[in-house]
Amino acid sequence: MKNWEAAYEENDIPWDKGMPAPPLREYLRMHSVQGSVLVPGCGTGHDVRLLAEQGASVIGIDIAPSAVRRANAFPVKANECYEVSDFLNLPKAWHGYFDWVLEHTCLCALEPSQRHAYAASVAKALKPGGAYLAIFYREVVDYDGDGPPHPISTDQIEALFGEDFERMDSFVPTESYPSRPIGSEEVVLFRCR
């Protein structure tokens, strides 16, 4: 399993592109995300700040203290905060607390064996009827089974989220980081049952 703290300490963080996820920007041009939002695996907080700028109240969490320190070093944009926390062991105070959970590069960073625990944490975090907005990494160039990142298929998504969530909408974003070919990601909006 990857040592995330060591990666941030050594500045070995190629996943940090220095800006929010282009598919998230694309989504926010079409839809609003309001209320309380949790961003697991927030890294240095680019997506958190973008959501806060749009008017949401956002908590970004990361298992790596150095990631949270880096996130806190940025000027505060609006109603945002960062905490060191393990999403797979979600604090009870956050059960049923959030209107939204945003997925971007947390699920693909986990070992596939941890995906069921991740899906359970999403369901725990959301209020009844809450929204799970996911930017799934569907295809990883030259993936040989060794990650992260680990891609996820449509069948795997359905197996993880089909029982507790209703799929409301999805699209293949037309905007992405240059290192991710168009079509390798999918934005999916789920509603917690």
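The values are calculated or read from the model by the stated rules, or taken from the named source; none is laboratory data. Bear in mind that the values here come from a model prediction, so they are computed numbers and not experimental data. Positions of Cβ are backbone-derived with ideal geometry, glycine not excepted, and every protein chain shown enters the neighbour counts.
Using the structure shown, decide if Ser57 is polar (S, T, N, Q) and in contact (Cβ under 8 Å) with a residue 12 or more places away in the chain. Against the criterion (polar (S, T, N, Q) and in contact (Cβ under 8 Å) with a residue 12 or more places away in the chain), Ser57 qualifies. When restricted to residues that are without any contact (Cβ under 8 Å) to a residue 60 or more places away in the chain and crowded, with 19+ Cβ neighbours inside 10 Å, segment 95-106 contains 0.
Considering segment 124-134, and only residues there that are over 14 Å from the mean Cα position of the chain (by Cα) and small (Gly, Ala, Ser), the residue that is surrounded by the fewest Cβ atoms within 10 Å (Cβ to Cβ) turns out to be Gly129.
Taking segment 64-84 as the range and being surrounded by fewer than 19 Cβ atoms within 10 Å (Cβ to Cβ) and modelled with pLDDT of 95 or more as the test, the residues that pass are Pro65, Arg69, Asn72, Ala73, Phe74, Asn79, Cys81, Glu83, Val84. I'm trying to understand the selection: among the residues of segment 20-63, which are surrounded by fewer than 21 Cβ atoms within 10 Å (Cβ to Cβ) and part of a loop (DSSP other than H, G, I, E, B)? Answer for segment 20-63, where residues must be surrounded by fewer than 21 Cβ atoms within 10 Å (Cβ to Cβ) and part of a loop (DSSP other than H, G, I, E, B): Pro20, His31, Ser32, Val33, Gln34, Gly35, Gln54, Gly55, Ile63. Just one of the listed residues (Asn11, Asn3) is on the phi > 0 side of the Ramachandran plot, at pLDDT below 95 and surrounded by fewer than 21 Cβ atoms within 10 Å (Cβ to Cβ), namely Asn11. Among the residues of segment 6-33, those that are within 24 Å of Phe190 (Cβ to Cβ) and within 16 Å of the chain's Cα centre (by Cα) comprise Trp15, Pro20, Ala21, Pro22, Pro23, Leu24, Arg25, Glu26, Tyr27, Leu28, Val33. Restricting Pro91, Pro75 to residues that are of a type outside the set (Ser, Thr, Tyr), closer than 21 Å to Glu53 by Cβ and free of Cβ contacts under 8 Å to residues at least 12 places away in the same chain narrows the list to Pro75.
Is it the case that Ala67 is more than 19 Å from Phe165 (Cα to Cα), within 14 Å of the chain's Cα centre (by Cα) and of a type in the set (A, V, I, L, M)? No, not satisfied.
For Lys2, state whether it is touching a Pro at 6+ places or on another chain (Cβ under 7 Å) and assigned to a loop (DSSP other than H, G, I, E, B). Answer is yes for this residue. Considering only residues of segment 135-193 that are farther than 19 Å from Lys2 by Cβ, free of Cβ contacts under 8 Å to residues at least 40 places away in the same chain and among the small types (Gly, Ala, Ser), which is surrounded by the fewest Cβ atoms within 10 Å (Cβ to Cβ)? Among residues in segment 135-193 that are farther than 19 Å from Lys2 by Cβ, free of Cβ contacts under 8 Å to residues at least 40 places away in the same chain and among the small types (Gly, Ala, Ser), the one surrounded by the fewest Cβ atoms within 10 Å (Cβ to Cβ) is Ser153. Of the strands (runs of 3 or more DSSP E) lying entirely inside segment 69-177, those containing at least 1 residues that are more than 19 Å from Ser57 (Cα to Cα) span 126-137, 165-171.
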